[in-house]
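Report on one structure; see the data block that follows.
The values are calculated or read from the model by the stated rules, or taken from the named source; none is laboratory data. In this text, all values refer to a predicted model and were calculated from it rather than measured experimentally. So basically every Cβ, Gly included, is an ideal-geometry build from the backbone, and we count neighbours across all protein chains shown.
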Amino acid sequence: MFRSFWLAACLFAALLASARAGYLDENPDEVFATVYERIGSLPVQAARDPYVWLRLEELKREPCDQKSIADLALMLDKLGYRRQAADGLYKFVKNCGAPLTALHRSIDIYLKLTDYPKAVEVADEFMRRAPSNREAHYLRGVALEGVGDYHRALADYSDAIELYGADKKTISSRVFLRMAGAYAALKQFCEATAPINMWIALDPMNRDTSQTRKIIADYESQGNCIASTALRKETFPLHGQKNVLTVKAQINGVSGMFILDTGASYVSVKSAFAGRAKIPDAGSSEITLVTANGQTKARLARADKIALGKLEASNVPIAIQNVDDKSYGPGIDGLLGMSFLSRFDVQMAGGFIEVRTRQPKR
């Protein structure tokens, strides 16, 4: 065992000695010209670091060695050559096709450099290669916020949440907070409460706190959309196949039949109903919805008012789907999802669902 260790140490020393001679005597621009064509050139001072020199030699021998580029980027970052690290990771993936983790790392570095346009560019590449990767959507959302494109950022944050799958409870609060912040940047303060309410609704026992209520209250105050604290409730019996609950609701004063769906992120409506309810979608962003039948696309819009019996909410994010009349079932106009329901307490017990106004904590 000691002999093996000794041999390995000798081998490393020999390699280091070889690298030392090279990094002192040779011109890296000439030695690694073919490597630089693929990952971008490095300052001479950076290339002459013995560890960097060895990684460049590895990439000269094996142009698409994923470990070598990862190790090289880590060292460049450590030495303070962060832009070169980000550039190298990005160009490596474009030339070698993998790994996607290199794009993730590259975006992280550009964000730290506050080079948001470049972060958007790399995130777009990430999205082209992995359109259903939730981290790609989240990172692009952050980058888009940096360039002030809040509408597209909202769509990416929405997709990041939706593409997470069934267990949304484990999603970090940062995604919901950033989504709320993007709404606030657009001066849509009432809509900003929706992602916070949704995050709370996923685990109300632990998340319905004085802190989260203050965040919501601040947004409601800025948007003049403070909800009534008077106790109001609606109770609906569960019946029929698989406990599908159909309710009558009004959107912008137009009545429709909706499936009450606590598993749906948004109130979703058919485009035909959106037209009747005068819900504009011009200039709205396209988002992804994950349904029982797979992924589908929708337009992210806003309803001025939604009423479920005595329960009302204003400025509710809503998804408009271009689907046929039978998509939700005969006579059904859409889904009453969490962008509306999360503003209330929803409880299921004894064969009933009760939706009621959220009461102040004592």
Residue check, residue 270 farther than 22 Å from residue 187 by Cβ and either more than 29 Å from the chain's Cα centre (by Cα) or among the polar types (S, T, N, Q) (or both):
no
Name every residue in the range 304-352 that is within 23 Å of the chain's Cα centre (by Cα) and hydrophobic (A, V, I, L, M, F, W, C), in order of residue number.
316, 318, 319, 320, 335, 336, 338, 340, 341
Taking the conditions exactly as written (out of contact with any His (no Cβ under 7 Å at 6 or more places or on another chain) and within 20 Å of residue 145 (Cα to Cα)), does residue 113 satisfy them or not?
yes
Options 138, 157: the member that is touching a His at 6+ places or on another chain (Cβ under 8 Å) and assigned to a helix (DSSP H, G or I):
157
Residues 55, 48, 38, 61: which one is among the basic types (Lys, Arg), within 35 Å of the chain's Cα centre (by Cα) and surrounded by fewer than 20 Cβ atoms within 10 Å (Cβ to Cβ)?
38
Test each condition in (1) out of contact with any helix residue (DSSP H, G or I) (no Cβ under 8 Å at 6 or more places or on another chain); (2) surrounded by fewer than 18 Cβ atoms within 10 Å (Cβ to Cβ); (3) touching a residue at least 60 places away in the same chain (Cβ under 8 Å); (4) in the same structural domain as residue 350 (by TED's automatic domain parsing) for residue 165 and report the one that comes out false.
(4)
Filter result for the condition that a residue is surrounded by fewer than 24 Cβ atoms within 10 Å (Cβ to Cβ), not in a helix (DSSP H, G or I) and not assigned by TED's automatic domain parsing to the domain that holds residue 266, over 118, 187:
187
A careful count of residues in the range 121-133 that are modelled with pLDDT under 95 and part of a helix (DSSP H, G or I) gives 0
Restricting attention to the range 161-175, which residues are part of a helix (DSSP H, G or I) and more than 12 Å from residue 265 (Cα to Cα)?
169, 170, 173, 174, 175
